1. Looking at E151 and the list (1) within 27 Å of H15 (Cβ to Cβ); (2) part of a helix (DSSP H, G or I), which single condition is not satisfied?
2. Answer yes or no as to whether T127 is closer than 14 Å to P194 by Cβ, of a type outside the set (D, E), under 16 Å from the mean Cα position of the chain (by Cα) and open to solvent by 20 Å² or more (accessible area, probe 1.4 Å).
3. How many residues does the stretch 76-90 contain that are open to solvent by 30 Å² or more (accessible area, probe 1.4 Å) and part of a helix (DSSP H, G or I)?
4. If you scan the stretch 17-33, which residues turn out to be under 28 Å from G144 (Cα atoms) and open to solvent by 10 Å² or more (accessible area, probe 1.4 Å)?
5. Taking the stretch 14-41, which residues are charged (D, E, K, R) and closer than 18 Å to V68 by Cα?
6. Among (1) closer than 17 Å to G84 by Cβ; (2) assigned to a loop (DSSP other than H, G, I, E, B), which single condition is R128 missing?
7. Being polar (S, T, N, Q) and either under 15 Å from I139 (Cα atoms) or open to solvent by less than 10 Å² (accessible area, probe 1.4 Å) (or both) is the filter here, so list the residues in the stretch 182-218 that pass it.
8. In the stretch 51-75, which residue that is within 14 Å of V32 (Cβ to Cβ) and among the small types (G, A, S) is most open to solvent (accessible area, probe 1.4 Å)?
Amino acid sequence: MRVGILTFPGSNCDHDCYHVVKHVMGAEAQYVWHKDRLPEKLDAVVVPGGFSYGDYLRCGALARFSPVIADLVTFAERGGPVLGICNGFQILCEAGLLPGVLMRNASLKYICKDVTIRVEGQETPVTRGLVGQSLTMPIAHAEGNYFADPETLDRLEGDGRVVFRYVGGAPNGSARDIAGISGGPSRNVVGLMPHPDRASESILGLEDGKRMFAALLG
C-alpha cells in the first residue's frame, strides 16, 4: 500500500500519520506538499490534523484552495480512499467532499482529552470489521462542533454515513453526537475529529486507532 499524506502550512500531525503508516503499520508513506500535484498510483490519502494556514478565516477555509485539493477531489470521485483527521475533516468539509461544517466548540474552549466513539453506519475503508465496536482515542480541537441542517443530518443517518458517534454525549456540542461521517461514491471519504494517529502504539497508552489504519491498509 502506498499512502499520500498531505502537508499544509500549519499541519502538525503529518509526521504522526507518516510514522503510523510507515513505521507502525509497515506500509509505504509519502508526504505531499499542498502546492504539488497528487502523485499517481496512490492507494489512499490521509489529510492530517493541525492548523492549516493558522485557521485564519475559519478552519480549513484557506487550505481548501491549495492546488493539491483539485487532485484530491478527482482521486475521491474515482473511489480512492481518503481519511481526514481533525483539521483534515474540516478541510474535507470546506472542499465539499463531505457535507456540513465544523464550528467552534459549544464551550468556546479548546478541548484535549480521550473520548470513546462508537463505530456505526455502513462500512468504509477505515471501518472494515469494526462496525458496532467502540474505540478510544484523543480529541484536540477548538472547532469540532459538527453542524449540518436537519435534512442533511437525516440523509446521513438514512444512508448509513454517520460513521462515528461519541459515547456519552459530544464534548464539543456536535449535532447528534456525531464524531465522524463518510462521503464519496462508495463511502470512500471519511472524516473524524478524534485522532487515531495518536492512539496507535502501546507506548501512548492507546492502540484503538491502529485498528482503523489496519482496516485502511488491509
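1. For E151, the exception is condition (1).
2. Numbers: closer than 14 Å to P194 by Cβ: yes; of a type outside the set (D, E): yes; under 16 Å from the mean Cα position of the chain (by Cα): yes; open to solvent by 20 Å² or more (accessible area, probe 1.4 Å): no.
So T127 does not fit the description; no.
3. Of the residues in that region, 1 qualify.
4. Step one: filter the stretch 17-33 for residues under 28 Å from G144 (Cα atoms), giving 17-22, 24-25, 29-33.
Correct list: Y18, H19, K22, V24, M25, A29, Q30, Y31, W33.
5. Passing the criteria: D14, K35, D36, R37, E40, K41.
6. Against the list (1) closer than 17 Å to G84 by Cβ; (2) assigned to a loop (DSSP other than H, G, I, E, B), R128 comes up short only on (1).
7. Answer for the stretch 182-218, where residues must be polar (S, T, N, Q) and either under 15 Å from I139 (Cα atoms) or open to solvent by less than 10 Å² (accessible area, probe 1.4 Å) (or both): S182, N188, S200.
8. That would be A70.
The values are calculated or read from the model by the stated rules, or taken from the named source; none is laboratory data. Note that the structure is predicted; figures quoted are calculated from it, not measured. We place every Cβ from the backbone using ideal geometry, glycine too, and count neighbours over all the protein chains shown. Each accessible area value is taken on the protein alone, full model and side chains, heavy atoms only, with ligands, DNA and RNA left out. Shrake-Rupley method; radii C 1.70, N 1.55, O 1.52, S 1.80 Å.
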